[in-house]
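Comments concern the structure below.
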Amino acid sequence: MGTRHGLRMGWAIVAAGLVAGCAALLGPRTIDVPQAQLQGAVERRFPIERRYLDLLDVTVAAPRVLLRPETNRIATEFEVLVSDRVFHGQHRGTIALNYGLRFEPGDNSVRLTNVRVDRFDIDGASALLRQPLDRVGVMLAEQTLNERPIYTLRPKDVEAVQERGYRPSEIRVTASGLTITLLPDSPR
């Protein structure tokens with residue numbers, strides 16, 4: 001009888017371990033985010049208004065998101081309004097960027113990373129104004145947009161994922177949106 005009791009206890013421990021480690025046994029899962037949902041998340045974070053050196057007021061608005069799955073990056077074009085505080089002129093144009101995405105577990109946000117300026121065009125800007133505007137465009141991208149959160153997971157969504165034994169991990173750009181990989185959470 002003692003051997004049977006020991007075997008039952010052993011199986012109970014194995015079964016409990018399997019249930020507790022179920023997420024690890026099942027492996028990674030994914031969540032798909034369609035391009036339209038990503039576009040909406042980016043739009044909600046704009047416009048951005050900044051003043052540079054008390055000389056220029058810059059407004060960045062109306063993002064248009066394009067997916068680049070071949071490089072695992074996103075390209076976005078924005079409308080730009082630059083107001084020159086010295087000569088009181090206004091210039092409209094566009095700035096085109098590309099960037100990667102990363103998940104920040106500290107605040108459960110999806111952030112822009114490694115932001116690069118592809119193009120910065122200002123309509124009607126003189127040659128004298130062109131060089132400072134180009135510098136502002138690069139500065140705007142690097143200082144204002146790099147590591148900027150574009151989406152934050154709701155606490156109830158994070159809790160639901162964690163209750164199932166997972167945590168968000170890699171973000172991949174696909175032809176139709178994003179795929180977020182959920183990995184089994186490591187035991188604490």
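Structural remarks
- Considering the stretch 103-112, the residues that are touching a residue at least 24 places away in the same chain (Cβ under 8 Å) and surrounded by fewer than 16 Cβ atoms within 10 Å (Cβ to Cβ) include one that is nearest to Phe78 (Cα to Cα), namely Glu104.
- Any hit, the stretch 103-113, residues being part of a strand (DSSP E or B) and more than 30 Å from Glu170 (Cα to Cα): no
- Residue match in the stretch 146-164 (condition: in a strand (DSSP E or B), charged (D, E, K, R) and surrounded by 14 or more Cβ atoms within 10 Å (Cβ to Cβ)): no
For (1) of a type in the set (Val, Ile, Thr); (2) closer than 15 Å to Ile31 by Cβ; (3) part of a helix (DSSP H, G or I), each residue gets a yes or a no:
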{"site": "Asp118", "(1), (2), (3)": "no, no, no"}
{"site": "Gly124", "(1), (2), (3)": "no, no, no"}
{"site": "Leu133", "(1), (2), (3)": "no, no, yes"}
{"site": "Val138", "(1), (2), (3)": "yes, no, yes"}
{"site": "Leu183", "(1), (2), (3)": "no, yes, no"}
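- Residue in the stretch 124-145 that is modelled with the highest pLDDT, counting only those that are crowded, with 17+ Cβ neighbours inside 10 Å and of a type in the set (A, V, I, L, M, F, W, C): Leu145
- For the stretch 48-62, the condition of being modelled with pLDDT of 75 or more, touching an Asp or Glu at 6+ places or on another chain (Cβ under 6 Å) and at positive phi holds for at least one residue.
- Failed condition for Glu70, given (1) modelled with pLDDT of 90 or more; (2) part of a strand (DSSP E or B): (2)
- Test for Ala62: is it farther than 18 Å from Val42 by Cβ and touching a strand residue (DSSP E or B) at 6+ places or on another chain (Cβ under 7 Å): no
- Selection count, the stretch 48-81, where residues are of a type in the set (Ser, Thr, Tyr), more than 16 Å from the chain's Cα centre (by Cα) and surrounded by fewer than 15 Cβ atoms within 10 Å (Cβ to Cβ): 0
- Pair list, Cβ < 6 Å and 6+ apart or interchain, from the stretch 70-84 residues that are farther than 21 Å from Leu55 by Cβ to residues that are small (Gly, Ala, Ser): Arg73/Gly100; Glu77/Ala96
The values are calculated or read from the model by the stated rules, or taken from the named source; none is laboratory data. Treat the numbers as computed from the prediction; the structure is a model and nothing was measured. In this analysis, Cβ positions are derived from the backbone assuming ideal geometry, glycine residues included, and neighbour counts consider all displayed protein chains.
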